[in-house]
Amino acid sequence: EQAHAWYLRLGFAEEGRTYWYVRDLAPSIDRDREALAYIIDDYPMAEAYHQKYGFSSLKIRTKEETSVVGRLGEQYYRIQLQSGGWSGCNLLTDVLMDLDREKRLLLLSSDAYLRERDPGLILSTESIRMIKILENQEVLYE
């Protein structure tokens, strides 16, 4: 709060907020294996990055949608949500459980009220994006 107030005093404006939610994986419904059909693009490359750096991303394709899911260490799947893009459990969470049911979800959203739609979410933190437009700045070329 002190840093936020300091940036406001310096003339910065708030451009947006991101709410970081944590949730355990939970299956949506009992699905047969055929209904859980998915493809992970470039999985060997994602595995190599994860082993080397401790994080990676997976591009998961299902019949319903294509999603990019980050993997952070051995603990989290990270999903950047579009506005209104979370309904709790869905096919994507079933796929993630199929891959590793021990991981938790880290959901990033601009929706401050996401917990009202999914009580399984826990607000971990929030980040504030600040911007300052510099006026009358002359561009110098050498």
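The residues in the stretch 90-129 that are assigned to a strand (DSSP E or B) and open to solvent by 10 Å² or more (accessible area, probe 1.4 Å) can be counted, and the count is 10. Across the stretch 77-89, the number of residues qualifying as modelled with pLDDT of 75 or more and either in contact with a His (Cβ under 7 Å, 6 or more places away or on another chain) or surrounded by 16 or more Cβ atoms within 10 Å (Cβ to Cβ) (or both) comes to 4. Residue pairs whose Cβ atoms lie under 7 Å apart, sitting 6 or more positions apart in sequence or on different chains, and linking a residue in the stretch 52-81 that is without any contact (Cβ under 8 Å) to a residue 24 or more places away in the chain and among the hydroxyl-bearing types (Ser, Thr, Tyr) to a partner that is surrounded by 12 or more Cβ atoms within 10 Å (Cβ to Cβ) and not in a strand (DSSP E or B), are 56/46; 56/49; 56/50; 57/46. Scanning the stretch 35-72 for residues that are among the charged types (D, E, K, R), farther than 18 Å from residue 104 by Cα and either open to solvent by less than 90 Å² (accessible area, probe 1.4 Å) or touching a Gly at 6+ places or on another chain (Cβ under 6 Å) (or both) yields 41, 47, 65. Among the residues of the stretch 21-72, write down those that are assigned to a loop (DSSP other than H, G, I, E, B) and modelled with pLDDT of 95 or more. Within the stretch 21-72, 54 is the sole residue that qualifies.
The single condition from (1) open to solvent by 70 Å² or more (accessible area, probe 1.4 Å); (2) at pLDDT 85 or above; (3) closer than 30 Å to residue 9 by Cβ; (4) of a type in the set (Asp, Glu) that residue 138 fails is (2).
The values are calculated or read from the model by the stated rules, or taken from the named source; none is laboratory data. No experiment lies behind these values; they were computed from the predicted model shown. Cβ atoms come from the backbone with ideal geometry, glycine included; neighbour counts cover every protein chain shown. To get the accessible areas, we keep the full protein, side chains included, count just its heavy atoms, and leave off ligands, DNA and RNA. Shrake-Rupley method; radii C 1.70, N 1.55, O 1.52, S 1.80 Å.
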